[in-house]
Amino acid sequence: MVDKALGGAGLRGQVAGETALCTVGKSGSGLTYRGYDISELADKVQFEEVAYLLSRGELPNQGQLVEYKAKLKSLRGLPQALKSVLETIPKDAHPMDVMRTGCSMLGNLETETDFANADDAIDRMVAIFPSIICYWYRYTHDGVRIDVETDDDTVGAHFLHLLHDKAPSQLFADVMNVSLILYAEHEFNASTFTARVCASTLSDIHSCVTGAIGSLRGPLHGGANEAAMDMIEGFKDAEHAEQELMSMLARKDKIMGFGHAIYRESDPRNVIIKKYSERLAKEVGDDVLYPVSVRCEEVMWREKKLFCNADFFHASAYHFMGIPTKLFTPIFVMSRVTGWTAHVKEQRANNRIIRPSAEYTGPDSRPVPAMSER
Ligand SMILES: CC(=O)SCCNC(=O)CCNC(=O)[C@H](O)C(C)(C)COP(=O)(O)OP(=O)(O)OC[C@H]1O[C@@H](n2cnc3c(N)ncnc32)[C@H](O)[C@@H]1OP(=O)(O)O
Ligand SMILES: O=C([O-])CC(=O)C(=O)O
């Protein structure tokens, strides 16, 4: 059924399948993973518990969590052939292209041959994605071949450790944890739908994730956090931000990090990451980027009733932790791989190939003219 308020373009408002994984825009804060509210998850659990919840169906007990984290730790290493491929990708490549190639190469080296073993392939991707991006980044930017097998307890701490060559502070590790939870799953968003379409052909899980990475890359989806950072970095202070935004709105520019396909008044993830951005700003002594971001939020709501989505305050939060802007969207991949792959399993469990119909708008039937008549 088409929701008239949203219109039908972009399949908006049309139910394209069922899921037990996530609600968007419904009860509680509006976002739940398997029934658990996002704000409670962000408050109380680790990303690894969310990853387990999505792949296995329930939150782990203590023993299961210990075992799961030990398994992830043991899967961080990169095969030599994958390292060689990463070393050939140029320094100026976009890191999302590196993620896409890294995932695809992993699919060549560790091909999923039996859907019954999907959880092993999923765990491997959750564990190895930070290694892939950091190995390439440090090799091409710092000229070092890093050892990716750290002893860090969590995916977020492991990532920051590899990137900065030292274990992160507790605050930074906590922010990464919350960020990875917030990005983990979001129903039938564009990249997840890509993964489900691929899964519906009974393709392998690495193909599903490789396709999803390509969809996430665009600035209307995951790429918005980088685009938001590029924008706010250009503002000198809150006053300047307001003037520039007003001009951008007058030119009808799209303001990255604002608006949403489903939420109408707010994105429940924003209030959570905004709080952490504020804490980080205090921690690092920022008195520009956070006030600039807050002013952008005020102006966009006042002028357009547009609100910050999950991406906007992620920009300043990641920046405060010393993460280069072009690595922002790969972090989204490190998290969303848990949602994508849970959807792949769900699609496989109740599958019919996804193949909608198109309304034809081309010319009427006509004969092929001879070459001399074209
Ligand atoms: C984690 C995520 O992927 S969250 C999304 C990240 N993407 C962004 O931040 C990119 C900026 N935002 C956008 O481009 C859009 O809001 C999207 C892609 C997220 C949603 O697109 P839609 O569902 O088409 O948006 P929606 O139907 O609400 O748009 C309504 C109107 O608001 C405008 N609008 C929506 N978002 C913005 C924005 N960020 N800046 C300026 N105008 C906007 C649209 O152009 C549209 O105007 P129109 O009717 O004159 O064409
Ligand atoms: O749901 C969407 O369309 C985009 C989004 O917020 C996400 O994927 O996290």
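The values are calculated or read from the model by the stated rules, or taken from the named source; none is laboratory data. It should be emphasised that the depicted structure is a prediction, and the values quoted were computed from it without experimental measurement. Heads up, the Cβs are rebuilt from the backbone with ideal geometry, glycines too, and the neighbour counts pull from every protein chain shown. Surface accessibility is based on the protein's heavy atoms, side chains included, excluding ligands, DNA and RNA. Shrake-Rupley method; radii C 1.70, N 1.55, O 1.52, S 1.80 Å.
Couple of notes before you dig in:
- Surface accessible to a 1.4 Å probe, per residue, for the residues of region 224-321, Å²: 47 Å²
- GNM top mover of 352, 336, 279 - the chain, alpha-carbon springs below 10 Å: 352
- Rounded to 0.05, the FRET efficiency of the residue 26 and residue 141 pair, given R0 = 41 Å and the Cβ-Cβ distance, is 0.45.
- Under 5 Å from the amide H of residue 22 lie the amide H atoms of 34, each residue being 5 or more positions distant or on a separate chain, with H modelled from the backbone and absent for Pro and chain starts.
- Kirkwood Rh (inverse of mean 1/r, distinct Cα pairs), the chain, angstrom: 21.7 Å
- DSSP H segments from the chain that extend 30 Å or more along their own axis, Cα-based, with Kyte-Doolittle mean of -0.5 or above: 118-142, 328-349
- Region 276-363, relative contact order [Cα under 8 Å, separation at least 6], %: 26 percent
- Among 121, 93, 310, the residue with the largest mean-square fluctuation in a Gaussian network model of the chain, with springs joining Cα atoms closer than 10 Å, is 93.
- Here, region 224-321 yields an orientationally averaged convex hull projection of 5.5 nm² when only Cα atoms define the hull.
- For the chain, the mean residue ellipticity at 222 nm estimated from helices alone is -18000 deg cm²/dmol, where every DSSP H run of n ≥ 4 contributes -39500 (n - 2.57) and the total is divided by all residues, rounded to the nearest 500.
- Applying the criteria of a DSSP loop state and at most 10 other Cβ atoms within 10 Å to the GluC sites (Glu not before Pro) of region 183-270 yields 265.
- Computed over region 1-106, the P(r) tail beyond 24 angstrom holds 55 percent of alpha carbon pairs.
- Residue 233-residue 371 pseudo-label distance in nm [points 7 Å out on the Cα-to-Cβ vector]: 5.3 nm
- The chain - percent relative contact order, Cα under 8 Å, separation 6 or more: 20 percent
- As a fraction of the 1.4 Å probe accessible area of region 224-321, surface on carbon and sulfur atoms comes out at 50 percent.
- Remark: for residue pairs 69/275; 166/274; 236/326; 26/71, the C-alpha separation exceeds 29 Å in 26/71.
- Label-to-label distance for residue 360 and residue 114 is 4.6 nm, based on points extended 7 Å past Cα in the beta-carbon direction.
- Of all lysines in the structure, the ones whose alpha carbon falls short of 19 Å from that of residue 83, not counting any fewer than 8 places away in one chain, are 73, 91.
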